[in-house]
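Colleague: Here you go, one structure.
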Amino acid sequence: MVLKLYNTYSNQKEEFIPIQKGKVGFYMCGPTVYDYIHLGNARAFIVFDVLRRLLRYLGYEVTYVQNITDIDDRIIERALKEGVDTSEITTKFTRAFLEDLDALGIERADIHPKATEHVSEIIDLIQKLIDKGMAYQVNGDVFYDVSKFKNYGKLSGKKIDELISGARVSVDEKKRNPLDFVLWKSQKPGEPAWESPWGPGRPGWHIECSAMSMKYLGESFDIHAGGIDLIFPHHENEIAQSEGITNKQFVKYWLHNGFLEIEGSKMAKSLGNYRTVKQVLRDYPGVVIRMFFLQKHYRSPIDFTLEGMQAADSACNRLKIFMQNLAGKLSGIKAPHESFDAKSMRQDELNFDKMLTQRRDDFLAAMLDDLNTPAALSHLFDLVRESNKLVNKDRLTDGEINLLVSLQKMFEEFNELLGVVDAHEDKLDSELLKDVVQILVDIRKELREKKEWALADKIRDALQVKGILLEDKSGQTTWRLQ
């Protein structure tokens with residue numbers, strides 16, 4: 001099986017073959033830190049976190065870069081409104097962004113470069129574009145001349161003539177062409193600025209990503225990802241700038257996730273349906289937000305609803321209970337001796353072993369098919385359904401214990417890719433749960449010995465309401481999660 005990814009540049013699925021064997025350069029557009037990140041941001045960060053995990057699982061050495069835009073019109077506007085320095089705004093919301101990543105179970109990037117720390121590299125790229133005649137400066141502003149790049153519009157499928165006639169780009173009299181975009185903005189009164197050959201000013205948004213990605217991943221790298229809304233103009237402009245300088249292919253695979261709606265409408269503060277990650281985390285843990293997004297293919301649009309989140313919460317709980325039951329079953333049980341002969345397995349054990357192999361193959365095939373997480377989750381829940389009978393069995397043969405050990409490893413392996421069960425939290429919960437339930441079982445045993453049946457039954461019934469079943473057999477009491 002091979003990994004196939006849908007490349008926006010070619011509009012088709014392609015076999016993933018990295019530029020350098022065994023290594024992957026992966027750039028992800030990060031946030032502009034003027035506010036808390038919203039659910040649309042979260043979707044992109046989650047799905048491409050899963051892709052990064054999958055690439056590592058496949059044995060690739062991945063260098064993952066996710067930038068932080070810490071100079072922008074919106075940052076300046078907020079700082080002026082609050083009467084503080086821009087650095088105070090960016091420090092606050094950068095910290096909040098990283099906290100949200102942690103809460104969502106998203107592994108931090110290998111490098112989180114900030115635009116303000118790469119101004120010299122940005123100036124260098126702009127100067128190269130000017131020297132090549134692909135950029136021009138007017139009164140301290142520098143613009144990229146899109147007419148000098150013959151493939152402009154290739155990523156988005158847009159044509160320059162149609163864009164001009166549609167007047168989709170704001171008109172600036174200093175531009176030669178309405179589509180030309182800013183590389184360097186001259187300083188306005190009260191704005192932060194850096195010295196440059198064109199006077200004091202600050203970088204444009206698009207050139208920041210070109211400079212940071214090429215610094216850490218090289219002039220050509222494997223994957224560039226982000227939301228579908230970034231295809232034009234941001235990613236289109238990145239290509240024009242970068243390839244205009246190097247005359248090399250900038251990125252091999254362009255990946256984009258679909259739009260997010262809230263209860264059937266586009267998310268917008270003006271509609272009152274704007275949701276930040278921090279707001280949703282008050283009601284649901286990060287694993288539930290991950291589950292919600294991964295239940296839909298990343299390229300498809302998704303509608304955020306209360307019903308959808310409740311369903312995701314239920315799905316996470318089902319997997320969590322299964323993991324706890326499996327851990328509880330194997331706790332204290334010694335695995336069969338190394339001399340155990342697998343050839344002695346019974347037919348039902350062989351059938352279960354065959355099922356495990358099939359589920360592994362199905363799960364991985366889905367993940368390798370353009371990160372089809374909905375199908376992968378379906379196979380994971382099939383695995384749970386087909387394993388519950390054995391997990392809840394009272395007495396196990398050596399063969400069955402071996403199979404449950406294999407099942408546990410497989411489940412943990414799949415969860416490592418998806419991150420839909422907080423394994424650390426489950427371990428703590430499982431240990432605490434075992435201790436508390438055992439205390440109640442011991443108290444109930446003493447009550448039964450004293451023939452205080454009513455109180456003993458009250459403990460049993462109360463636990464059952466909470467989904468914990470007690471079973472009395474041969475003078476012993478065992479328990480399991482319902």
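The values are calculated or read from the model by the stated rules, or taken from the named source; none is laboratory data. Predicted model, so just to flag it, every value in this text is computed and none were measured. Note: ideal-geometry Cβ built from the backbone for every residue, glycine included; neighbour counts use all protein chains shown. To get the accessible areas, we keep the full protein, side chains included, count just its heavy atoms, and leave off ligands, DNA and RNA. Shrake-Rupley method; radii C 1.70, N 1.55, O 1.52, S 1.80 Å.
Colleague: Regarding Leu101, is this residue farther than 30 Å from Asp283 by Cβ, open to solvent by less than 20 Å² (accessible area, probe 1.4 Å) and not aromatic (Phe, Trp, Tyr)?
Modeller: Working: farther than 30 Å from Asp283 by Cβ: no; open to solvent by less than 20 Å² (accessible area, probe 1.4 Å): yes; not aromatic (Phe, Trp, Tyr): yes.
No; evaluated as a whole, the condition is false for this residue.
Colleague: Do we have Phe304 as open to solvent by less than 10 Å² (accessible area, probe 1.4 Å) and touching a residue at least 24 places away in the same chain (Cβ under 8 Å) here?
Modeller: Values: open to solvent by less than 10 Å² (accessible area, probe 1.4 Å): no; touching a residue at least 24 places away in the same chain (Cβ under 8 Å): yes.
So Phe304 does not fit the description; no.
Colleague: Scan the stretch 1-17 for residues that are modelled with pLDDT of 95 or more and open to solvent by 20 Å² or more (accessible area, probe 1.4 Å) and report the count. Give the derivation first.
Modeller: Looking only at the stretch 1-17, we keep the residues that are modelled with pLDDT of 95 or more, and these are 2-17.
After this cut, where a residue has to be open to solvent by 20 Å² or more (accessible area, probe 1.4 Å) as well, the list is 2, 4, 6, 9-15, 17.
Of the residues in that region, 11 qualify.
Colleague: I would also like to ask the following. Taking the stretch 18-33, which residues are surrounded by fewer than 21 Cβ atoms within 10 Å (Cβ to Cβ) and part of a loop (DSSP other than H, G, I, E, B)?
Modeller: Selection gives Pro18, Ile19, Lys21, Gly22.
Colleague: Then there's this: Taking Ser147 as the residue in question, decide whether it is open to solvent by 40 Å² or more (accessible area, probe 1.4 Å), closer than 30 Å to Asp85 by Cα and hydroxyl-bearing (Ser, Thr, Tyr). Lay out the reasoning, then the answer.
Modeller: Numbers: open to solvent by 40 Å² or more (accessible area, probe 1.4 Å): yes; closer than 30 Å to Asp85 by Cα: no; hydroxyl-bearing (Ser, Thr, Tyr): yes.
In short, no.
Colleague: Can you pull out every residue in the stretch 383-399 that is open to solvent by 40 Å² or more (accessible area, probe 1.4 Å) and free of Cβ contacts under 8 Å to residues at least 60 places away in the same chain?
Modeller: Arg385, Glu386, Lys389, Lys393, Arg395, Thr397
Colleague: Still on this structure, please answer the following. For the stretch 307-328, which positions are open to solvent by 30 Å² or more (accessible area, probe 1.4 Å) and free of Cβ contacts under 8 Å to residues at least 40 places away in the same chain?
Modeller: Of everything in the stretch 307-328, those that are open to solvent by 30 Å² or more (accessible area, probe 1.4 Å) and free of Cβ contacts under 8 Å to residues at least 40 places away in the same chain turn out to be Glu307, Gln310, Ala311, Asp313, Ser314, Asn317.
Colleague: Could you list, in sequence order, the residues of the stretch 252-297 that are free of Cβ contacts under 8 Å to residues at least 12 places away in the same chain and either of a type in the set (Ser, Thr, Tyr) or surrounded by 15 or more Cβ atoms within 10 Å (Cβ to Cβ) (or both)?
Modeller: Ser265, Ser270, Asn273
Colleague: Within the stretch 49-73, how many residues turn out to be among the aromatic types (Phe, Trp, Tyr) and part of a helix (DSSP H, G or I)?
Modeller: Quick first cut of the stretch 49-73, residues among the aromatic types (Phe, Trp, Tyr) only: 57, 60, 64.
Narrowing further to those that are part of a helix (DSSP H, G or I): 57.
Of the residues in that region, 1 qualify.
Colleague: What is the number of the single condition among (1) part of a helix (DSSP H, G or I); (2) modelled with pLDDT under 95 that Asn151 does not meet?
Modeller: With (1) part of a helix (DSSP H, G or I); (2) modelled with pLDDT under 95 applied to Asn151, the lone miss is (1).
Colleague: Now a separate question. Give Phe232, Phe181, Phe221 a once-over and let me know the one that is among the aromatic types (Phe, Trp, Tyr), open to solvent by less than 70 Å² (accessible area, probe 1.4 Å) and without any contact (Cβ under 8 Å) to a residue 60 or more places away in the chain. First the steps, then the outcome.
Modeller: Values: Phe232 fails: without any contact (Cβ under 8 Å) to a residue 60 or more places away in the chain; Phe221 fails: without any contact (Cβ under 8 Å) to a residue 60 or more places away in the chain.
One residue alone meets the criteria, Phe181.
Colleague: Could you check, for the stretch 79-89, whether at least one of its residues is in a helix (DSSP H, G or I), open to solvent by 10 Å² or more (accessible area, probe 1.4 Å), within 23 Å of His256 (Cα to Cα) and without any contact (Cβ under 8 Å) to a residue 12 or more places away in the chain? Quick ask: steps written out before the conclusion?
Modeller: So the first thing to find is which residues in the stretch 79-89 are in a helix (DSSP H, G or I), and the list is 79-82, 86-89.
Filter again for open to solvent by 10 Å² or more (accessible area, probe 1.4 Å), leaving 80-82, 86-88.
Still in the list and also within 23 Å of His256 (Cα to Cα): none.
No, every residue in the stretch 79-89 fails to be in a helix (DSSP H, G or I), open to solvent by 10 Å² or more (accessible area, probe 1.4 Å), within 23 Å of His256 (Cα to Cα) and without any contact (Cβ under 8 Å) to a residue 12 or more places away in the chain.
Colleague: Still on this structure, please answer the following. So which residues in the stretch 432-448 are farther than 16 Å from Gly475 by Cβ and in contact (Cβ under 8 Å) with a residue 24 or more places away in the chain?
Modeller: Residues of the stretch 432-448 that are farther than 16 Å from Gly475 by Cβ, as a first pass: 432-440, 443.
Leu433, Lys434, Val437 - these are the residues of the stretch 432-448 that are farther than 16 Å from Gly475 by Cβ and in contact (Cβ under 8 Å) with a residue 24 or more places away in the chain.
Colleague: Take the conditions under 21 Å from the mean Cα position of the chain (by Cα) and modelled with pLDDT under 95 and apply them to Ile228. Does it pass?
Modeller: Working: under 21 Å from the mean Cα position of the chain (by Cα): yes; modelled with pLDDT under 95: no.
No: the conditions fail for Ile228.
Colleague: Separate question: Please identify the pairs in which a residue from the stretch 99-113 that is closer than 13 Å to Ala42 by Cα has its Cβ atom under 8 Å from the Cβ atom of a residue that is open to solvent by 50 Å² or more (accessible area, probe 1.4 Å) and modelled with pLDDT under 95, counting only partners at least 6 apart or on another chain.
Modeller: Cβ pairs passing all conditions: Gly105/Asp422.
Colleague: Oh, and also: From Asp141, Asp70, grab the single residue that is under 18 Å from Asn237 (Cβ atoms) and acidic (Asp, Glu).
Modeller: Details: Asp70 fails: under 18 Å from Asn237 (Cβ atoms).
Matching residue, one of Asp141, Asp70: Asp141.
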